Protein chains: 2
Amino acid sequence: MNDQLEANKAIVREYYNLAFNLKKPEEAVAKYMGPYYRQHNPGAADGPEPFIAFVRGFAQAFPSMRVDMKRTVAEGDLVVVHSNLIREPGDRGMAAADIFRLENGKIVEHWDVLQEVPESSANNNTMF
Amino acid sequence: MNDQLEANKAIVREYYNLAFNLKKPEEAVAKYMGPYYRQHNPGAADGPEPFIAFVRGFAQAFPSMRVDMKRTVAEGDLVVVHSNLIREPGDRGMAAADIFRLENGKIVEHWDVLQEVPESSANNNTMF
């Protein structure tokens, strides 16, 4: 059971890393996306092509963008990644919570919640 | 192990429900908050009082607010809740991902990511 969770987390981290850090969304899709991709991010349609187009467009706008994955939480067929999405050097970036659902070792569904990291905070803990 | 995860999820759901749906943040804190509370939401300071004040203020501004918990994901000492925070009737609301860390059955740390649900979407799946 824990082996399966660790395997699912590794798949999700590598998918995310390939797409957003190594800027190879086609390779991420070929290796890790399932036979369908149900998308809940309101900015993208279902399926692999809109995901690839989204990453490409984002990488063109922000060539040095990177995703810093802070923690993952996995249970059953779900993996949550909490991360800081940095668009360019000096950017405080966005806080991101991505939820992925897997079937048979492939990613088939995605939800996310995104928020700009504000300049000031009422605590000293960072958003991460 | 799974019993512990289910117990942690029940604690977090009841904490959230007591505070935001039943509008009893003091009771939520008394029952479920640990000896410290490390807050990563940039709008609130550490500890129980800022949490209580935040919920009270929010409930005054939006007396019929409610949190609709869509899914929970638990692993180790963490519980993630993905929910729709509705401020008033007809509100599309906000998407929320809350991450809670527990020690000895009490909540001691909290992160969140919040995003307005947009009016239109590129897919028909909702953000949830």
task: Taking A:Ala7 as meeting all but one of (1) modelled with pLDDT under 95; (2) within 14 Å of chain B (Cβ to nearest Cβ), write down the number of the exception.
output: (1)
- prompt: So A:Gly93 fits all but one of (1) more than 11 Å from every other protein chain (Cβ to nearest Cβ); (2) open to solvent by 20 Å² or more (accessible area, probe 1.4 Å); (3) out of contact with any Pro (no Cβ under 7 Å at 6 or more places or on another chain); what number is the exception?
  reply: (2)
- prompt: Pick from B:Lys70, B:Lys23, B:Lys9: which is under 24 Å from A:Leu114 (Cα atoms) and open to solvent by 40 Å² or more (accessible area, probe 1.4 Å)?
  reply: B:Lys70
query: In the range A:80-90, which residue that is closer than 21 Å to B:Pro42 by Cα and more than 8 Å from chain B (Cβ to nearest Cβ) is farthest from the chain's Cα centre (by Cα)?
result: A:Gly90
Condition broken by A:Val117, with the remaining ones in (1) more than 9 Å from chain B (Cβ to nearest Cβ); (2) surrounded by fewer than 20 Cβ atoms within 10 Å (Cβ to Cβ); (3) of a type in the set (A, V, I, L, M) satisfied: (1)
- request: Only residues that are surrounded by 15 or more Cβ atoms within 10 Å (Cβ to Cβ) and assigned to a helix (DSSP H, G or I): list them for the range A:28-37, please.
  value: A:Ala28, A:Val29, A:Tyr32
query: List, please: which pairs have Cβ atoms under 9 Å, are six or more places apart or on different chains, and start with a residue in the range A:41-67 that is farther than 14 Å from A:Glu27 by Cα and end with one that is assigned to a helix (DSSP H, G or I) and of a type in the set (Ser, Thr, Tyr)?
result: A:Val67/A:Tyr16
query: Do we find that B:Asp77 is crowded, with 19+ Cβ neighbours inside 10 Å and either within 11 Å of chain A (Cβ to nearest Cβ) or modelled with pLDDT under 95 (or both) in this structure?
result: no
- prompt: In the range A:96-114, what residues are at the interface with chain B (Cβ under 9 Å from one of its Cβ atoms) and open to solvent by 20 Å² or more (accessible area, probe 1.4 Å)?
  reply: A:Leu114
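The values are calculated or read from the model by the stated rules, or taken from the named source; none is laboratory data. The structure displayed is predicted, hence computed values, not measured ones. Neighbour counts are summed over all protein chains in view; Cβ atoms, including those assigned to glycine, are modelled from backbone coordinates with ideal geometry. Side chains included, ligands, DNA and RNA excluded: accessible areas come from the protein's heavy atoms. Shrake-Rupley method; radii C 1.70, N 1.55, O 1.52, S 1.80 Å.
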